[in-house]
Amino acid sequence: MQRNNYKIDSARVTVKAPASTSNLGPGYDVLGLALDVMHDVVEIQLLKDKDIIIEMEGIEANTISTNPKMNTAGRTLLKFKKHLNKYESKIMDKYGFKIKVKKGIPPGTGIGSSGATAAATAVAINHLLNLGLDKLELTKIAMQGEMNPHADNVAPSIYGGFVIVGSYDPLEIYDFPPPIELEFALAIPKGIKKTTKNARDILPEKVELSKIIHTVGSASAIVAGLLLSDANLVGKGMLGDQIVEPVRAPLYKGYLKAKKAAMESGALGATLSGAGPTIIAIVKREKANPYDVAKVMKEAFELEGVECSGYVSRSTIGAHMIEDSP
């Protein structure tokens, strides 16, 4: 941890953090990619009173608790306090905090909604109190702010671009610039309720070695494809998960039909985004229009009676400040 004099640069900051996709099929809890499809915005203001006040607005804001212990932004702030106290710093005990979260990413859809909130909160506090923590340290704190701590959504929302979680103990993040020339089509169903915990609880405890080997090979293809901006390699890799996607796919009505529709319309690969229910497909314009792929995936869900929205996205930069007020 970098030590400094904790000079307060500003009384209020606003940070914008992107959505993300994790796993990309075979890269369970390891691969993550920041997406420009949607963002969360977090504004934090210092208060003289030592309260923590949380205000929610935006998409499904009324479904999210404003209790700091049950809110991702509040939990991230509390984890920050605990982290700093390890270094005998009581800087955060001197202030209260008003946190305003503007949700642009729908919760529970598999595109890193809570991860973006945690990322924006961590980056905002770091700047607000001039703490000088690096992105790895911020990721360690922000991932603890989520109800189910893992780094494959938080890290891309903080670092931007493509990330590999090399290790969780100790946490190691390998980050790479956004492969902005690659395009992705997404279909985000509405009304399909799931929690990340539920999607994790159904995973197998034992897996055949042959499936592990195949899945690791597919994840390696994704890594190579993203680094080389090779959509064909990424697509092949996305189709190679033999462990997680086969178990989760039946959770989501219309998903398998949407995936089939994506492939038939020219997508190079398609899979669940994170724990789902969103489906993400990689598209090469020489073969298919990404907007057409998003449309057919959307329609496949709707034919099953599931309301859905289609989007096209590229990778993007990580959490960054958009306002700094004295």
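The values are calculated or read from the model by the stated rules, or taken from the named source; none is laboratory data. Note that the coordinates shown come from a computational prediction; the quantities given were computed from them, not determined experimentally. Every residue, glycine as well, gets a Cβ built from its backbone with ideal geometry; the counts of neighbours run over all protein chains shown.
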*Hey, any hits in the range 221-229 for a residue that's on the phi < 0 side of the Ramachandran plot, surrounded by fewer than 22 Cβ atoms within 10 Å (Cβ to Cβ), in a helix (DSSP H, G or I) and out of contact with any Gly (no Cβ under 9 Å at 6 or more places or on another chain)?*
yes
_Is it the case, given these coordinates, that Pro277 is crowded, with 21+ Cβ neighbours inside 10 Å and either in contact with a strand residue (DSSP E or B) (Cβ under 9 Å, 6 or more places away or on another chain) or not polar (S, T, N, Q) (or both)?_
yes
_Need the failing condition index for Pro178 against (1) within 17 Å of the chain's Cα centre (by Cα); (2) surrounded by 19 or more Cβ atoms within 10 Å (Cβ to Cβ); (3) of a type outside the set (A, V, I, L, M, F, W, C); (4) part of a helix (DSSP H, G or I), just the number._
(4)
*Can you name the residue in the range 33-58 that is among the acidic types (Asp, Glu) and in a loop (DSSP other than H, G, I, E, B) and, of all such residues, is farthest from the chain's Cα centre (by Cα)?*
Asp49
_Can you report the number of residues in the range 59-81 which are of a type in the set (A, V, I, L, M), assigned to a helix (DSSP H, G or I), under 15 Å from Thr121 (Cα atoms) and within 20 Å of the chain's Cα centre (by Cα)?_
2
*Please name all residue pairs, on different chains or six or more residues apart, with Cβ atoms under 7 Å, provided the first residue is in the range 76-105 and is under 22 Å from Ala151 (Cα atoms) and the second residue is surrounded by 18 or more Cβ atoms within 10 Å (Cβ to Cβ) and at pLDDT below 85.*
Phe80/Met92; Lys81/Met92; Leu84/Met92
*Within the bounds of the range 190-203, is there any residue that is of a type in the set (Gly, Ala, Ser), in a helix (DSSP H, G or I), within 17 Å of the chain's Cα centre (by Cα) and under 26 Å from Asp36 (Cβ atoms)?*
yes
*Show the residue pairs that are 6+ apart or on different chains and have beta-carbon atoms under 7 Å apart, the first residue being within the range 300-316 and in contact (Cβ under 8 Å) with a residue 60 or more places away in the chain, the second being acidic (Asp, Glu).*
Cys308/Glu302; Val312/Glu183; Ser313/Asp36; Arg314/Asp36; Arg314/Glu183; Thr316/Asp36
_Just to be sure I understand, how many residues within the range 11-30 are buried (at least 24 other Cβ atoms within 10 Å of the Cβ) and within 14 Å of Leu272 (Cβ to Cβ)?_
8
